[in-house]
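Novice: Below: one structure in structure tokens.
The values are calculated or read from the model by the stated rules, or taken from the named source; none is laboratory data. The structure presented is a predicted model; accordingly, all values stated were derived computationally and were not measured. Methodologically, a virtual Cβ is constructed for each residue, glycine included, from the backbone with ideal geometry; neighbour enumeration extends over all protein chains shown. Calculation scope for accessible area: heavy atoms of the full protein, side chains included, ligands and nucleic acids excluded. Shrake-Rupley method; radii C 1.70, N 1.55, O 1.52, S 1.80 Å.
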Amino acid sequence: MTIEDVIEGFQEGAVKDAARDAYANILFQEAIQISMELNTQYHTPEEIQEIMERLTGKKIDETFRLFPPFYTDFGKNITIGKDVFINSCCHFQDQGGITIGDGTLIGHNVVLATINHALEPEKKRKNYYAPIKIGNHVWIGSNVTILPGVTIGDWAVVAAGAVVTKDVPSMTVVGGIPAKVIRKISKKREESE
């Protein structure tokens, strides 16, 4: 059994598998344990990088910065680019997959939720998973919630407090509940500032 097998098990239509579910539960508990280690004492930036590598199971670039506390329920389906900053109290529900591009800034209390539940009573709140993909040089303000299946384009800005339910085009500013495009970002303006 591998981590990839567990991640594939989250996909729509995956056949129930007791061994895979048991291994997933071990990984959930590992994520809780590593998160507690991260969040309950001071760590140098180098130690945070090492802890996040254990949490995600992937190499984390030395340019990565994180201000704890940080929370995740799985950890192994997060991919983080170079020069990414994650501010304190963020919650990443990553079973559906979270990809964060280079140069992205994530504010306080951001929630990235990749799981939703069925509404129909006969489906008994079955989980549905969809990835969140955040492009390069994205700026996500404090208290933002991004819902399953959303892609945010390069150089986009998500205003503080927004709830993002749909894809965000590159070079735009979005805000509100649900988030809507507030303005486009001009390349010419960016170069002159």
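Novice: Restricting the search to the stretch 99-122, which residues are assigned to a loop (DSSP other than H, G, I, E, B) and not hydrophobic (A, V, I, L, M, F, W, C)?
Specialist: If we filter the stretch 99-122 for residues that are assigned to a loop (DSSP other than H, G, I, E, B), which is where we start, we get 101-104, 107-110, 114, 118-120.
If the condition is that a residue be assigned to a loop (DSSP other than H, G, I, E, B) and not hydrophobic (A, V, I, L, M, F, W, C), then 101, 102, 103, 104, 107, 108, 109, 114, 120 are the ones that fit.
Novice: Among the residues of the stretch 50-65, is there at least one that is touching a strand residue (DSSP E or B) at 6+ places or on another chain (Cβ under 7 Å), in a loop (DSSP other than H, G, I, E, B), aromatic (Phe, Trp, Tyr) and at pLDDT 95 or above?
Specialist: Yes, the stretch 50-65 contains at least one residue that is touching a strand residue (DSSP E or B) at 6+ places or on another chain (Cβ under 7 Å), in a loop (DSSP other than H, G, I, E, B), aromatic (Phe, Trp, Tyr) and at pLDDT 95 or above.
Novice: Can you tell me which residue in the stretch 102-112 is farthest from residue 9 (Cα to Cα), limited to those that are buried (at least 20 other Cβ atoms within 10 Å of the Cβ) and of a type in the set (A, V, I, L, M)?
Specialist: Per the criteria, the residue is 106.
Novice: Let me ask something additional. Taking the stretch 48-101 as the search range and keeping residues that are open to solvent by less than 20 Å² (accessible area, probe 1.4 Å) and more than 14 Å from the chain's Cα centre (by Cα), which one is farthest from residue 139 (Cα to Cα)?
Specialist: 51
Novice: Considering only residues of the stretch 1-34 that are in a loop (DSSP other than H, G, I, E, B) and exposed (fewer than 15 other Cβ atoms within 10 Å of the Cβ), which is nearest to the chain's Cα centre (by Cα)?
Specialist: Filtering the stretch 1-34 down to residues in a loop (DSSP other than H, G, I, E, B) leaves 1-2, 10-17.
Still in the running and exposed (fewer than 15 other Cβ atoms within 10 Å of the Cβ): 1-2, 11-16.
Working: 1: 24, 2: 21, 11: 17, 12: 20, 13: 23, 14: 23, 15: 26, 16: 25 Å.
So the residue we want is 11.
Novice: Taking the residues in the stretch 122-154 that are polar (S, T, N, Q) and touching a residue at least 24 places away in the same chain (Cβ under 8 Å) as candidates, determine which candidate is surrounded by the fewest Cβ atoms within 10 Å (Cβ to Cβ). So that I can check it myself, show each step before the final result.
Specialist: If we filter the stretch 122-154 for residues that are polar (S, T, N, Q), which is where we start, we get 127, 136, 142-143, 145, 151.
Still in the list and also touching a residue at least 24 places away in the same chain (Cβ under 8 Å): 127, 136, 142-143, 145.
Details: 127: 14, 136: 18, 142: 16, 143: 16, 145: 18.
Among residues in the stretch 122-154 that are polar (S, T, N, Q) and touching a residue at least 24 places away in the same chain (Cβ under 8 Å), the one surrounded by the fewest Cβ atoms within 10 Å (Cβ to Cβ) is 127.
Novice: Continuing with this model, one more query. Collect the residues in the stretch 35-47 that are under 17 Å from residue 72 (Cα atoms), of a type outside the set (Ser, Thr, Tyr) and either open to solvent by less than 90 Å² (accessible area, probe 1.4 Å) or touching a strand residue (DSSP E or B) at 6+ places or on another chain (Cβ under 6 Å) (or both), keeping them in residue-number order.
Specialist: Correct list: 37, 38, 39.
Novice: Just need a number here: residues in the stretch 156-180 that are touching a Ser or Thr at 6+ places or on another chain (Cβ under 6 Å) and either buried (at least 17 other Cβ atoms within 10 Å of the Cβ) or over 14 Å from residue 112 (Cβ atoms) (or both).
Specialist: The total comes to 4.
Novice: Within the stretch 120-129, does at least one residue satisfy the condition of being at pLDDT 95 or above, under 16 Å from residue 10 (Cβ atoms) and not aliphatic (A, V, I, L, M)? If you could, list the steps in order and put the result at the bottom.
Specialist: Of the stretch 120-129, the ones at pLDDT 95 or above are none.
Within the stretch 120-129 (the criterion being at pLDDT 95 or above, under 16 Å from residue 10 (Cβ atoms) and not aliphatic (A, V, I, L, M)), the answer is no, since none of the residues qualifies.
Novice: Continuing with this model, one more query. Does residue 96 satisfy the criteria of being without any contact (Cβ under 8 Å) to a residue 60 or more places away in the chain, among the small types (Gly, Ala, Ser) and not in a helix (DSSP H, G or I)?
Specialist: Answer is no for this residue.
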